[in-house]
Amino acid sequence: MRVLLFLVFLATPVLAQDDGPSGTITVDGTGDAAIERRIEGILAELDGYADIDVTVTEGVVELTGTALGSDAIAELNRLTGRVDGVVAVRNEVTANTDVGDRIDPVLARTFDRFAQAIAYLPLLLIAVVVGLLVASIGWLLARWTRLWNRLAPNTFIAEIYRTIVRLVFTGLGIVVALDILGATAVLGTLLGAAGIVGLAVGFAVRDTVENFIASLMLSLRQPFRPNDFVDIEGNLGTVVRLTSRATILLDPDGNHLRLPNATVFKAKILNYSRNPQRRFGFTLGIDPSDDPAEAKRIGLDVLNGLSFVLTEPPAQAWIDQAGDSTVDMAFYGWIDQTETDFMVARSEAIRMVMAALTDADIGLPEPTYRLNLVGGGLPVVDLPDQANRDSDTDIVVTEGGDEPRTAPRPEPTAPVRSIESLANRERRTTGDDDLLDHSAPVE
């Protein structure tokens, strides 16, 4: 506001001036003498031209003497050229270099402007008071948070509404103040300068502007909620909050991950928590000599018998591919993520199916490779007979046949909430506003 008033003060004397009259200056009588008298009479009424001599011959005006500055000398050409009957102007006037003559007009103009500014003070005071009053109305309306929170879908949009109201009323106050001062022409100059500056700043901060717009769109779209487990272009983590600048995640290791909203808005977002039902899967290789149908039946029986595996959608199994040394069987089941930890459930399902297949004498061999060495060979190692091995060897044979194995019991699979607890604690301890609103629609 102080800068604006200073500009108004500087512009006020300029606004009081104009380009002056134009057109032809008439002459009383005819002949060179009449033209000379007319020009001398005009110069006598103007400041700074007391030392000018005028001579007119056949309509040609010759000017000699001194004047204050090059502007005054140039003005002589325009002035005398408007006089009726003037054919040409020969301007021989030079600039006056006398210190006193040059300083006196400057002092006179300075005192005149100072007196003009003093005369403007009451009007300036009224303009400032009215402008501040109009701007204050906007600031008071912007502080009415309940109104804007009800009109806006979330707090971020509400803050934008309040900022717009403040800016509009502040601009209106400036316009009213300039109108009272009669200096509305300054507003056009200021707007033009602001447009140029805004264009330059826009190019400089285009990334910031893009991020701001992305924050606005994300706050409206709400692609995720707090504590959702998401994958944003390969960045895995639990959502902590959405701020006006970035999306905050906690990765599975508890590390703080901050992604710019412009990146999040354009990224592919995989939300694992949106649907509580989630499918897990794994692949086991069985011996090609065993029956794949029997392995499928056993695996499905185990999966359907696990308490954490849902009956709807049902568990599934099929042959994924046939390899050189194994037949790969794929097993899939569904869990409720709100009650079961995904990774623990998958681990337990693998363990239980492997145990059941082993108990049914369905082999789970490791991949084998055959080496064919041309022109040579491997040394033959005689392995001792299995029955003659010591008890210290790595293979133990139990006489009397295999003893019955105890069926494994599934371990607890309740979800572990450690990362969610860290995220909740951070939301409580930090003061950043969260743009994620549970009452807002979800995309």
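The values are calculated or read from the model by the stated rules, or taken from the named source; none is laboratory data. On a predicted model such as this, the values are computed, not experimentally measured, just so you know. So basically every Cβ, Gly included, is an ideal-geometry build from the backbone, and we count neighbours across all protein chains shown.
For beta carbons closer than 7 Å, sequence separation of 6+ or different chains, a first residue in the stretch 219-236 that is outside the structural domain of N149 (by TED's automatic domain parsing) and among the small types (G, A, S) and a second that is surrounded by fewer than 16 Cβ atoms within 10 Å (Cβ to Cβ) and in a strand (DSSP E or B), there are no qualifying pairs. Of the residues making up the stretch 26-33, one or more are closer than 11 Å to V83 by Cβ, touching a residue at least 40 places away in the same chain (Cβ under 8 Å) and surrounded by fewer than 16 Cβ atoms within 10 Å (Cβ to Cβ).
Residue-by-condition table, conditions (1) touching a residue at least 60 places away in the same chain (Cβ under 8 Å); (2) under 17 Å from Q337 (Cα atoms); (3) touching a Lys or Arg at 6+ places or on another chain (Cβ under 6 Å):
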site	(1), (2), (3)
R258	no, no, no
T263	no, no, no
P276	yes, yes, no
A317	no, no, yes
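On the basis of being under 27 Å from R143 (Cα atoms), surrounded by fewer than 18 Cβ atoms within 10 Å (Cβ to Cβ), within 27 Å of the chain's Cα centre (by Cα) and modelled with pLDDT of 70 or more, does R166 make the cut? For R166, the condition - under 27 Å from R143 (Cα atoms), surrounded by fewer than 18 Cβ atoms within 10 Å (Cβ to Cβ), within 27 Å of the chain's Cα centre (by Cα) and modelled with pLDDT of 70 or more - is met. Taking the condition among the charged types (D, E, K, R) and within 26 Å of G333 (Cβ to Cβ), does D253 pass? So D253 fails the test. Residue selection: D324 fails the criterion of being without any contact (Cβ under 8 Å) to a residue 12 or more places away in the chain and part of a loop (DSSP other than H, G, I, E, B). Every condition in (1) in contact with a Lys or Arg (Cβ under 7 Å, 6 or more places away or on another chain); (2) of a type in the set (A, V, I, L, M, F, W, C); (3) buried (at least 17 other Cβ atoms within 10 Å of the Cβ) holds for F342 except the one numbered (3). Evaluate the following for A50: is it assigned by TED's automatic domain parsing to the domain that holds S22 and free of Cβ contacts under 8 Å to residues at least 12 places away in the same chain? Yes; evaluated as a whole, the condition is true for this residue.
To keep it simple, each residue is scored yes or no on (1) surrounded by fewer than 13 Cβ atoms within 10 Å (Cβ to Cβ); (2) at pLDDT 80 or above.
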residue	(1), (2)
L4	no, no
L10	yes, no
D19	yes, no
G69	no, no
I73	no, yes
N77	no, yes
G81	no, yes
N96	no, no
D101	no, no
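Of all the numbered requirements in (1) within 19 Å of G23 (Cα to Cα); (2) not in a strand (DSSP E or B), V89 misses one, and that requirement is (2). Criterion applied to D328, D324, D301 was being acidic (D, E), modelled with pLDDT under 90 and more than 19 Å from the chain's Cα centre (by Cα), and the one residue passing it is D324. Contact map, the stretch 114-138: first residue of a type in the set (D, E), second residue in a helix (DSSP H, G or I), Cβ cut-off under 9 Å, separation 6 or more or different chains; the map is empty.
Annotation note: of G69, G29, G41, G59, the sole residue that is out of contact with any helix residue (DSSP H, G or I) (no Cβ under 9 Å at 6 or more places or on another chain) and not aliphatic (A, V, I, L, M) is G41. Reported count of residues in the stretch 279-309, each being part of a strand (DSSP E or B) and surrounded by fewer than 17 Cβ atoms within 10 Å (Cβ to Cβ), is 4.
Among the residues of the stretch 49-90, those that are under 25 Å from P105 (Cβ atoms) and among the small types (G, A, S) comprise A50, G65, A67, G69, S70, A72, A74, G81.
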